[in-house]
Structure formats: C-alpha cells, structure tokens
Amino acid sequence: MDGSQGEFAFGGKPVEPEAVRRFLSDNPDFLKADTGLLAELGLTIASSNVVEFAPMARVHAAHQREAEQRLLMEETARANFSAQAQTHGAVVDLLDARNLADLARRVDDLARARFGLAAGIIALETEGLPPAGWKHLVEGQVDQILDGPQRLARMGFAPTAMGLFGAQAGEIASMAMVRMAIWEPSRQGLLAFGSADPDGFTPEMGAELVAFLARVVERTAERWPLL
C-alpha cells in the first residue's frame, strides 16, 4: 500500500480512504467477522455490535489515572500549603498575646477563624483559680482526659473531655488535645480544639500540628507568672 497524498494503492490501483470508509459502513460485519484482521489492528469485539479499540482504551485509561493522580497531588499540595500558612499566622497571633487571658482568647479565635473549628481551649490543673479564660482542671484530670499518664496527645471523640467545652459541648463531635507542662514547678495543662465534624479529628490523624501549637502556647504563657 502507498499512503502518499492521502491515497492508498492496492494491487497497483489507488484506493481512496473515503471508499474504504464507505465500504465498511455498507458492510459492517466485514470487519467483525475477520478476527485475524482485528488482531492485527489491535481491536476487540466488546459486544455483538461494538468494536473496542483496546490499545487506545488502555492508553486513555492510563492517561485518566495519571490526570487523577496529578489532580490529587495538586490538591494535597495546596492543602498542605494552606495549613502551613494558617499555622504560621496562628503562631504570630499567639506571640502577640498581651497576657494570659488574651492568650486564651486568641487560641479560641484562631480555632474558629483560621481553622474553621468550633472552639479552642487552654486548660490547667491548679488548686486555685486558673487565669481568666482558662479552664480549671483538678489534679490528675489531664491523665484522665488523655486516657493515661503516658499519652501526650489524643485525637478523636473523648467523652471525658466534654467538660472542657462548657456550654459549647453540644456542638463538639471530635477533639484534638495535647498535654502541656507550663511554669516551674511544672503545671499540667491541655491545649484542646473541638470540631463540630465527627471526622474533623480522628484517632488515625497525626497530632504534630496541634503539638507544635501547644509548644508555642507553653512558651508564650511562661512570659507571665501564675498568680
């Protein structure tokens, strides 16, 4: 066959592509009946009246999978960038606190405004009153909330933590909580975030971001003595 100038030659005679298309259109069973020709062309019969371009279908499926993976990677990268940017902004907000009460207010504000959560709480074990805006805990209550003295963090829903959120407890469906140790001698405390979404925080999630913010809260709180 000679494919020059848009024509094919067969047996020394030129054959126009339009004639081939017209022949196949008028004789639809010709191609389906010739399994050898189908195999040479890389085609398969998908049903009684459908010819599947198998190689092309595989290539298309591969391209589609690659496109989906690329979109997923792009979405993950954007989410990570957004989380990092929000975290950096949250740190600046916390470092600008003017006193312990303002620090507690800023934790709640950043939880709501920056992360779309229902509440942000600082809690402290103390015999007397905690700083204004902080939640009061009795000795050993941090261990109880975190489900053990060795646990540094807890993600998911914890019934023992509902009291942290006071009047907002009815809105909370999942929590992220990290143990803190503040001042000398060390006082046990918690940084807790509550979400209205049951899947907002789950046990499978890492607590690195919340732990990082807890360290910032610890260092910031130590600017002022506990009265």
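What follows draws every value from the coordinates through simple rules; no lab data is involved. Please read these numbers as outputs of a predicted model, since none were measured by experiment. Cβ coordinates were reconstructed from backbone atoms using ideal geometry, including for glycine residues, and neighbour counts include every protein chain displayed.
Values as computed for the structure displayed
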| quantity | calculated |
| --- | --- |
| Radius 14 Å from Cβ of residue 173, net charge of other residues (Lys, Arg +1; Asp, Glu -1) | -3 |
| For residue 127, net neighbour charge (Lys/Arg +1, Asp/Glu -1) across residues whose Cβ lies under 14 Å away | -1 |
| Potential extension, residue 96-residue 150 segment - 0.36 nm per residue separation minus Cα distance | 16.3 nm |
| Globularity index of region 104-181, i.e. its alpha-carbon radius of gyration over 2.2 N^0.38 Å | 1.06 |
| Average Cα contact separation per residue, region 87-221, under 8 Å, 6 or more apart, as relative contact order % | 25 |
| Full-stretch length increase - residue 71, residue 183 - with 0.36 nm per residue and alpha-carbon distance subtracted | 35.7 nm |
| Hull shadow area, averaged, region 63-201 [alpha-carbon convex hull, nm²] | 10.1 |
| Net +/- balance of residues flanking residue 150 in space, Cβ distance below 13 Å, scoring K and R +1, D and E -1 | +1 |
